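All remarks here apply to the structure that follows.
Quick note: the coordinates plus some simple rules give every number you see, no bench work behind them. Bear in mind that the values here come from a model prediction, so they are computed numbers and not experimental data. Here the Cβ is made from the backbone with ideal geometry for all residues, glycine too, and neighbour counts use every protein chain on show.
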Amino acid sequence: MLFVVILPFLGVFIYLIARGGGMQRRAVDQAAQEQKAFDAYIKQTAGSSGAGSADELAKLADLKAKGVLTDAEFETQKAKLLT
């Protein structure tokens with residue numbers, strides 16, 4: 001009975017001592033990858049914010065006012081920006 005109860009705990013402790021450093025390194029690497037993915041998502045989301053669309057829409061309105069774009073072209077580009 002003593003070996004049935006003690007031996008599994010002893011095996012787990014030996015495994016943690018032998019492999020514990022590797023588990024910590026893998027956890028740190030995984031956390032770094034998740035942080036990079038999160039940062040990339042934030043940059044992508046911030047890059048496609050409404051402010052960028054507003055700037056593009058203002059440029060289109062300016063081109064329309066100068067006569068470079070027709071009304072139909074302006075509406076088409078505006079629809080692309082807003083979707």
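The number of Lys pairs in the chain with C-alpha atoms less than 26 Å apart, excluding pairs fewer than 8 positions apart on the same chain, is 9. Charged side chains reduced to their Cβ positions (Lys and Arg at +1, Asp and Glu at -1) give region 1-48 a dipole of some 80 debye around its Cα centre.
Over the Cα atoms of the chain, each weighted equally, I'd like the Debye log10 I(q)/I(0) at q = 0.16, 0.17, 0.20, 0.22 Å⁻¹, rounded to two decimals. Here the Debye-derived log intensity ratios amount to -0.79, -0.82, -0.92, -0.99. Within the chain, which complete DSSP H helices have Cα atoms spanning at least 30 Å along the helix axis and a mean Kyte-Doolittle hydropathy of 1.6 or higher? Membrane-span-like by this criterion, though nothing is claimed about a membrane: none.
Exposure proxy check: LEU69, LEU63 ranked by fewest other beta carbons within 10 Å? Present the calculation step by step, with values, prior to reporting the outcome.
Working: LEU69 18, LEU63 14.
Starting with the residue having the fewest Cβ neighbours, the order is LEU63, LEU69.
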